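Engineer: Before I ask anything, let me first share the structure, which is written out below as C-alpha coordinates.
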Amino acid sequence: MKFKNPYFRKSLSLYALLLPSALLLFCFAYLPLFGLVIAFKDYSPALGILSSPWVGFKHFIHFFKSYQFIVTIKNTFVLSVYGILISFPLAIALALMCNQLKNGLFKKTFQVVTYLPHFISTMVMCGLILIFLSPSNGLIANIAKALGFSLPNVMANPSAFKHIYVWTDVWQHLGWDSIIYLAALAGIDPTLYEAATIDGATTMQKIRHIDIPLILPTAMVLLIMRTGSILGIGFEKVYLLQNVQNSMASEIISTYVYKMGLQGAQYSLSTAVGLFNTAVNVAVLLFVNFVSKKTTEISIL
(Lines give C-alpha, C1' and ligand atoms only; values in the text may rest on other atoms or scores of the structure.)
Protein backbone atom coordinates (compact mmCIF):
# COMPACT_ATOMS: atom_id res chain seq x y z
CA MET A 1 0.00 0.00 0.00
CA LYS A 2 1.45 3.36 -1.05
CA PHE A 3 0.90 6.65 0.74
CA LYS A 4 1.07 9.77 -1.43
CA ASN A 5 1.42 12.11 1.54
CA PRO A 6 5.14 12.20 2.47
CA TYR A 7 4.45 13.60 5.94
CA PHE A 8 2.09 10.73 6.73
CA ARG A 9 4.63 8.20 5.47
CA LYS A 10 7.38 9.67 7.63
CA SER A 11 5.13 9.60 10.71
CA LEU A 12 3.70 6.13 10.07
CA SER A 13 5.48 4.64 13.09
CA LEU A 14 4.01 7.35 15.33
CA TYR A 15 0.52 6.65 14.02
CA ALA A 16 1.09 2.97 14.73
CA LEU A 17 1.94 3.83 18.35
CA LEU A 18 -1.18 5.98 18.53
CA LEU A 19 -3.47 3.28 17.13
CA PRO A 20 -4.02 1.26 20.38
CA SER A 21 -4.96 4.41 22.31
CA ALA A 22 -7.25 5.55 19.51
CA LEU A 23 -8.99 2.16 19.46
CA LEU A 24 -9.47 2.22 23.25
CA LEU A 25 -10.86 5.76 23.05
CA PHE A 26 -13.25 4.77 20.28
CA CYS A 27 -14.43 1.62 22.05
CA PHE A 28 -14.92 3.10 25.52
CA ALA A 29 -15.76 6.75 24.74
CA TYR A 30 -17.60 6.80 21.42
CA LEU A 31 -19.29 3.42 20.99
CA PRO A 32 -21.16 3.77 24.34
CA LEU A 33 -22.72 7.01 23.04
CA PHE A 34 -25.19 4.82 21.20
CA GLY A 35 -26.68 3.95 24.59
CA LEU A 36 -27.86 7.55 25.02
CA VAL A 37 -30.83 6.65 22.85
CA ILE A 38 -32.48 4.97 25.86
CA ALA A 39 -33.07 8.47 27.29
CA PHE A 40 -35.80 8.76 24.66
CA LYS A 41 -37.19 5.25 25.19
CA ASP A 42 -38.87 3.20 27.89
CA TYR A 43 -35.87 0.93 28.09
CA SER A 44 -36.37 -2.65 29.16
CA PRO A 45 -33.38 -5.03 29.46
CA ALA A 46 -35.61 -7.82 28.20
CA LEU A 47 -36.46 -5.94 24.99
CA GLY A 48 -33.06 -4.37 24.44
CA ILE A 49 -32.19 -0.89 23.23
CA LEU A 50 -33.53 -1.23 19.69
CA SER A 51 -36.82 -2.92 20.57
CA SER A 52 -37.76 -0.67 23.51
CA PRO A 53 -40.62 1.74 22.66
CA TRP A 54 -39.93 5.40 21.88
CA VAL A 55 -41.35 7.93 24.34
CA GLY A 56 -39.63 11.11 23.18
CA PHE A 57 -38.91 13.62 25.96
CA LYS A 58 -41.07 11.86 28.54
CA HIS A 59 -38.21 11.21 30.98
CA PHE A 60 -36.80 14.73 30.63
CA ILE A 61 -40.23 16.21 31.41
CA HIS A 62 -40.61 13.80 34.33
CA PHE A 63 -37.29 15.01 35.78
CA PHE A 64 -38.11 18.68 35.21
CA LYS A 65 -41.43 18.31 37.02
CA SER A 66 -40.07 16.25 39.93
CA TYR A 67 -39.32 17.86 43.29
CA GLN A 68 -35.72 16.62 42.97
CA PHE A 69 -35.04 18.84 39.95
CA ILE A 70 -34.62 22.11 41.85
CA VAL A 71 -32.85 20.38 44.75
CA THR A 72 -30.26 18.54 42.69
CA ILE A 73 -29.54 21.47 40.34
CA LYS A 74 -29.23 23.91 43.25
CA ASN A 75 -26.95 21.67 45.33
CA THR A 76 -24.73 20.79 42.36
CA PHE A 77 -24.47 24.41 41.29
CA VAL A 78 -23.72 25.68 44.81
CA LEU A 79 -21.00 23.10 45.47
CA SER A 80 -19.39 23.69 42.09
CA VAL A 81 -19.42 27.50 42.16
CA TYR A 82 -18.36 27.58 45.82
CA GLY A 83 -15.45 25.29 45.00
CA ILE A 84 -14.36 27.41 42.02
CA LEU A 85 -14.55 30.68 43.97
CA ILE A 86 -12.38 29.24 46.75
CA SER A 87 -9.94 26.84 45.11
CA PHE A 88 -9.22 28.74 41.90
CA PRO A 89 -7.71 31.92 43.45
CA LEU A 90 -6.10 29.98 46.31
CA ALA A 91 -4.21 27.75 43.85
CA ILE A 92 -2.83 30.85 42.11
CA ALA A 93 -1.94 32.44 45.45
CA LEU A 94 -0.15 29.28 46.60
CA ALA A 95 1.85 29.11 43.37
CA LEU A 96 2.83 32.78 43.66
CA MET A 97 3.87 32.31 47.28
CA CYS A 98 5.83 29.13 46.53
CA ASN A 99 7.56 30.86 43.63
CA GLN A 100 8.93 33.47 46.03
CA LEU A 101 10.61 30.93 48.30
CA LYS A 102 14.37 31.18 47.99
CA ASN A 103 15.51 28.28 50.14
CA GLY A 104 15.63 25.31 47.76
CA LEU A 105 15.28 22.59 50.40
CA PHE A 106 12.42 24.34 52.19
CA LYS A 107 10.70 25.03 48.86
CA LYS A 108 10.84 21.38 47.81
CA THR A 109 9.65 20.23 51.23
CA PHE A 110 6.79 22.72 51.14
CA GLN A 111 5.74 21.52 47.69
CA VAL A 112 5.81 17.85 48.71
CA VAL A 113 3.76 18.56 51.84
CA THR A 114 1.09 20.39 49.83
CA TYR A 115 1.04 17.74 47.06
CA LEU A 116 0.74 14.66 49.29
CA PRO A 117 -2.97 14.95 50.24
CA HIS A 118 -3.85 14.70 46.55
CA PHE A 119 -2.74 11.07 46.51
CA ILE A 120 -5.07 10.06 49.34
CA SER A 121 -7.95 8.05 47.90
CA THR A 122 -11.46 9.46 48.13
CA MET A 123 -12.56 6.56 50.32
CA VAL A 124 -9.77 7.17 52.84
CA MET A 125 -10.32 10.93 52.75
CA CYS A 126 -14.02 10.57 53.55
CA GLY A 127 -13.20 8.13 56.33
CA LEU A 128 -10.79 10.65 57.85
CA ILE A 129 -13.39 13.42 57.60
CA LEU A 130 -16.02 11.31 59.36
CA ILE A 131 -13.54 10.29 62.08
CA PHE A 132 -12.30 13.83 62.68
CA LEU A 133 -15.83 15.29 62.80
CA SER A 134 -17.40 12.54 64.90
CA PRO A 135 -19.24 14.26 67.79
CA SER A 136 -18.53 11.38 70.19
CA ASN A 137 -14.92 10.27 69.72
CA GLY A 138 -13.53 12.39 66.89
CA LEU A 139 -10.24 14.25 67.14
CA ILE A 140 -11.85 17.68 67.00
CA ALA A 141 -14.54 16.59 69.47
CA ASN A 142 -11.88 15.44 71.98
CA ILE A 143 -10.01 18.73 71.62
CA ALA A 144 -13.27 20.61 72.17
CA LYS A 145 -14.03 18.54 75.26
CA ALA A 146 -10.58 19.29 76.67
CA LEU A 147 -11.35 22.99 76.24
CA GLY A 148 -14.76 22.64 77.88
CA PHE A 149 -16.89 22.72 74.74
CA SER A 150 -19.10 20.16 73.02
CA LEU A 151 -18.91 19.58 69.27
CA PRO A 152 -22.27 19.32 67.50
CA ASN A 153 -22.87 16.67 64.86
CA VAL A 154 -21.87 18.84 61.89
CA MET A 155 -22.30 15.98 59.42
CA ALA A 156 -25.99 15.98 60.26
CA ASN A 157 -26.29 19.71 59.60
CA PRO A 158 -27.35 20.37 55.98
CA SER A 159 -26.05 23.95 56.01
CA ALA A 160 -22.56 22.75 56.99
CA PHE A 161 -22.23 20.16 54.23
CA LYS A 162 -21.10 22.53 51.48
CA HIS A 163 -18.40 24.01 53.72
CA ILE A 164 -17.10 20.58 54.73
CA TYR A 165 -17.08 19.36 51.14
CA VAL A 166 -15.37 22.42 49.62
CA TRP A 167 -12.75 23.12 52.26
CA THR A 168 -11.66 19.49 52.61
CA ASP A 169 -11.46 19.37 48.81
CA VAL A 170 -9.31 22.50 48.85
CA TRP A 171 -6.99 20.98 51.45
CA GLN A 172 -6.64 17.80 49.43
CA HIS A 173 -6.11 19.23 45.95
CA LEU A 174 -4.81 22.77 46.42
CA GLY A 175 -1.13 21.85 46.12
CA TRP A 176 -1.73 19.70 43.06
CA ASP A 177 -3.82 22.40 41.36
CA SER A 178 -0.98 24.90 41.81
CA ILE A 179 1.51 22.79 39.82
CA ILE A 180 0.51 24.13 36.43
CA TYR A 181 0.79 27.71 37.69
CA LEU A 182 4.26 26.97 39.04
CA ALA A 183 5.19 25.62 35.61
CA ALA A 184 3.91 28.82 34.00
CA LEU A 185 5.87 30.93 36.48
CA ALA A 186 9.02 28.89 35.82
CA GLY A 187 8.74 29.79 32.13
CA ILE A 188 8.87 33.55 32.72
CA ASP A 189 11.98 35.24 31.34
CA PRO A 190 14.33 36.03 34.29
CA THR A 191 15.45 39.23 32.59
CA LEU A 192 12.02 40.71 33.37
CA TYR A 193 12.70 40.32 37.10
CA GLU A 194 16.20 41.74 36.66
CA ALA A 195 14.85 44.79 34.84
CA ALA A 196 12.19 45.27 37.51
CA THR A 197 14.82 45.03 40.27
CA ILE A 198 16.95 47.68 38.55
CA ASP A 199 13.89 49.93 38.35
CA GLY A 200 13.39 49.48 42.11
CA ALA A 201 10.29 47.31 41.99
CA THR A 202 9.26 45.56 45.20
CA THR A 203 8.30 41.91 45.43
CA MET A 204 4.59 42.74 45.39
CA GLN A 205 5.05 44.97 42.34
CA LYS A 206 6.85 42.14 40.51
CA ILE A 207 3.99 39.79 41.33
CA ARG A 208 1.41 42.33 40.22
CA HIS A 209 3.04 43.50 37.00
CA ILE A 210 5.01 40.41 35.90
CA ASP A 211 3.75 37.17 37.47
CA ILE A 212 -0.01 37.70 37.35
CA PRO A 213 -0.22 39.10 33.78
CA LEU A 214 2.00 36.33 32.39
CA ILE A 215 0.09 33.47 34.03
CA LEU A 216 -3.27 34.99 33.18
CA PRO A 217 -3.64 33.03 29.87
CA THR A 218 -3.01 29.76 31.72
CA ALA A 219 -5.46 30.74 34.45
CA MET A 220 -8.15 31.65 31.94
CA VAL A 221 -7.83 28.35 30.09
CA LEU A 222 -8.12 26.43 33.35
CA LEU A 223 -11.10 28.54 34.42
CA ILE A 224 -12.88 27.84 31.14
CA MET A 225 -12.27 24.11 31.53
CA ARG A 226 -13.38 24.21 35.16
CA THR A 227 -16.63 26.00 34.38
CA GLY A 228 -17.23 23.51 31.57
CA SER A 229 -17.92 20.90 34.24
CA ILE A 230 -19.93 23.15 36.53
CA LEU A 231 -22.60 20.47 36.98
CA GLY A 232 -20.12 17.60 36.82
CA ILE A 233 -19.19 17.23 40.47
CA GLY A 234 -17.70 13.85 41.28
CA PHE A 235 -19.98 11.22 42.70
CA GLU A 236 -17.78 9.36 45.20
CA LYS A 237 -17.03 11.98 47.83
CA VAL A 238 -20.55 13.39 48.01
CA TYR A 239 -22.08 9.92 48.23
CA LEU A 240 -19.70 8.79 50.97
CA LEU A 241 -20.36 11.91 53.07
CA GLN A 242 -24.10 11.79 52.49
CA ASN A 243 -26.55 10.69 55.17
CA VAL A 244 -30.25 10.99 55.88
CA GLN A 245 -29.86 14.22 57.86
CA ASN A 246 -27.89 16.17 55.24
CA SER A 247 -29.45 14.68 52.09
CA MET A 248 -31.35 17.87 51.25
CA ALA A 249 -28.02 19.68 50.88
CA SER A 250 -25.94 16.80 49.51
CA GLU A 251 -28.21 15.31 46.84
CA ILE A 252 -26.58 16.26 43.54
CA ILE A 253 -27.11 15.16 39.96
CA SER A 254 -24.55 12.35 40.00
CA THR A 255 -25.88 10.79 43.21
CA TYR A 256 -29.45 11.12 41.94
CA VAL A 257 -28.48 9.37 38.69
CA TYR A 258 -26.83 6.57 40.67
CA LYS A 259 -29.87 6.03 42.87
CA MET A 260 -32.35 6.18 40.00
CA GLY A 261 -30.29 4.14 37.57
CA LEU A 262 -28.49 1.46 39.56
CA GLN A 263 -30.56 1.26 42.74
CA GLY A 264 -33.97 2.02 41.25
CA ALA A 265 -33.39 0.36 37.84
CA GLN A 266 -34.86 3.44 36.10
CA TYR A 267 -32.29 3.35 33.34
CA SER A 268 -34.06 5.66 30.91
CA LEU A 269 -34.67 8.35 33.54
CA SER A 270 -31.10 8.27 34.81
CA THR A 271 -29.77 8.46 31.24
CA ALA A 272 -32.00 11.44 30.51
CA VAL A 273 -30.76 13.24 33.62
CA GLY A 274 -27.14 12.48 32.71
CA LEU A 275 -27.68 13.72 29.15
CA PHE A 276 -29.27 16.92 30.45
CA ASN A 277 -26.29 17.40 32.76
CA THR A 278 -23.86 17.03 29.85
CA ALA A 279 -25.84 19.42 27.66
CA VAL A 280 -25.77 22.09 30.37
CA ASN A 281 -22.02 21.64 30.87
CA VAL A 282 -21.38 22.02 27.13
CA ALA A 283 -23.57 25.12 26.96
CA VAL A 284 -21.79 26.73 29.92
CA LEU A 285 -18.40 25.84 28.42
CA LEU A 286 -19.27 27.47 25.10
CA PHE A 287 -20.68 30.56 26.83
CA VAL A 288 -17.69 31.09 29.12
CA ASN A 289 -15.30 30.45 26.23
CA PHE A 290 -17.17 33.05 24.14
CA VAL A 291 -17.05 35.64 26.93
CA SER A 292 -13.36 34.97 27.55
CA LYS A 293 -12.56 35.30 23.86
CA LYS A 294 -14.38 38.61 23.61
CA THR A 295 -12.93 40.13 26.80
CA THR A 296 -9.41 38.68 27.04
CA GLU A 297 -8.90 37.14 23.56
CA ILE A 298 -8.15 33.83 25.30
CA SER A 299 -10.14 30.74 24.38
CA ILE A 300 -9.81 26.99 24.00
CA LEU A 301 -11.94 26.72 20.84
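The values are calculated or read from the model by the stated rules, or taken from the named source; none is laboratory data. Computed from a predicted model, the values in this text were never measured in an experiment. We place every Cβ from the backbone using ideal geometry, glycine too, and count neighbours over all the protein chains shown. Heads up: the accessible areas ignore ligands, DNA and RNA and are worked out on the full protein's heavy atoms, side chains in. Shrake-Rupley method; radii C 1.70, N 1.55, O 1.52, S 1.80 Å.
Engineer: Take the Cα pairs of region 260-301, get the Kirkwood Rh, then feed it into Stokes-Einstein at 25 °C and 0.890 mPa s and tell me D in µm²/s. Don't skip to the end; give the middle numbers.
Structural biologist: Numbers: Rh = 12.0 Å.
Taking Rh from Cα pairs, D becomes 205 µm²/s.
Engineer: May I ask you to work out the translational diffusion coefficient for region 198-286 at 10 °C, viscosity 1.306 mPa s, via Stokes-Einstein with Rh from the Kirkwood sum over Cα pairs, reported in whole µm²/s? Present the calculation step by step, with values, prior to reporting the outcome.
Structural biologist: Values: Rh = 16.2 Å.
Diffusion coefficient, whole number: 98 µm²/s.
Engineer: Where in region 41-111 are there trypsin sites (Lys or Arg not before Pro) that are in a DSSP coil and have at most 12 other Cβ atoms within 10 angstrom of their Cβ? Working shown, then result.
Structural biologist: Values: sites: Lys41, Lys58, Lys65, Lys74, Lys102, Lys107, Lys108; in loops: Lys102.
Within region 41-111, the qualifying trypsin sites (Lys or Arg not before Pro) (loop, at most 12 other Cβ atoms within 10 Å) are Lys102.
Engineer: Picking from Tyr43, Val71, Leu12, whose Cα lies most toward the positive end of the charge dipole for region 1-146 (charges on Cβ: Lys, Arg +1; Asp, Glu -1)?
Structural biologist: Going by the Cα projections, it comes out as Leu12.
Engineer: Ratio of alpha-carbon Rg to the 2.2 N^0.38 Å globular estimate for region 1-140, to two decimals, please. Walk me through the numbers before you get to the answer.
Structural biologist: Details: Rg = 25.6 Å, N = 140, 2.2 N^0.38 = 14.4 Å.
Compactness ratio reported: 1.78.
Engineer: In deg cm²/dmol, rounded to 500, what helix-only [θ] at 222 nm does the chain give when every DSSP H run of at least 4 residues adds -39500 (n - 2.57) and the total is split over its residues?
Structural biologist: Working: 17 runs with 198 residues, N = 301.
After summing the helix terms and dividing by residue count, I get -20000 deg cm²/dmol.
Engineer: Among Met97, Ser292, Val112, whose Cα projects farthest towards the positive end of the dipole of the chain, with charges put on the beta-carbon of Lys, Arg (+1) and Asp, Glu (-1)?
Structural biologist: Ser292
Engineer: Leaving out ligands, DNA and RNA but keeping every protein chain, what accessible area does Phe26 have, in Å² rounded to the nearest 10, with a 1.4 Å probe?
Structural biologist: Probe radius 1.4 Å; accessible area of Phe26 about 110 Å².
Engineer: How large is the translational diffusion coefficient of the chain in µm² per second when you combine the Kirkwood radius over alpha carbon pairs with Stokes-Einstein at 25 °C and 0.890 mPa s? Spell out each step's value before the answer.
Structural biologist: Numbers: Rh = 23.3 Å.
Using the Kirkwood radius from Cα pairs, D works out to 105 µm²/s.
Engineer: Filter the trypsin sites (Lys or Arg not before Pro) in region 192-246 down to the DSSP loop ones having no more than 13 other Cβ atoms within 10 Å, then list what survives.
Structural biologist: Counting only loop positions with at most 13 other Cβ atoms within 10 Å, none of the trypsin sites (Lys or Arg not before Pro) in region 192-246 qualifies.
Engineer: Where nothing but the Cβ of Lys and Arg (+1) and of Asp and Glu (-1) is charged, how large is the charge dipole of the chain around its Cα centre, in debye to the nearest 20?
Structural biologist: Values: 20 positive and 10 negative charges, 112 e Å.
Magnitude of the dipole: close to 540 debye.
Engineer: Charges at C-beta only: +1 for Lys and Arg, -1 for Asp and Glu. How large is the resulting dipole of region 1-113 about its Cα centre, in Debye rounded to 20?
Structural biologist: Working: 11 positive and 1 negative charges, 111 e Å.
With Lys and Arg at +1 and Asp and Glu at -1, about 540 debye.
Engineer: Please arrange Leu147, Leu19 by accessible surface area, largest first, computed with a 1.4 Å probe and ligands excluded. Walk me through the intermediate numbers first.
Structural biologist: Details: Leu147 120, Leu19 95 Å².
The ordering from most to least exposed comes out as Leu147, Leu19.
Engineer: Using only alpha-carbon positions, what ratio does the radius of gyration of region 196-236 give when scaled by 2.2 N^0.38 Å? Please list the in-between numbers first.
Structural biologist: On the way: Rg = 16.5 Å, N = 41, 2.2 N^0.38 = 9.0 Å.
Cα Rg divided by the expected 2.2 N^0.38 Å: 1.83.
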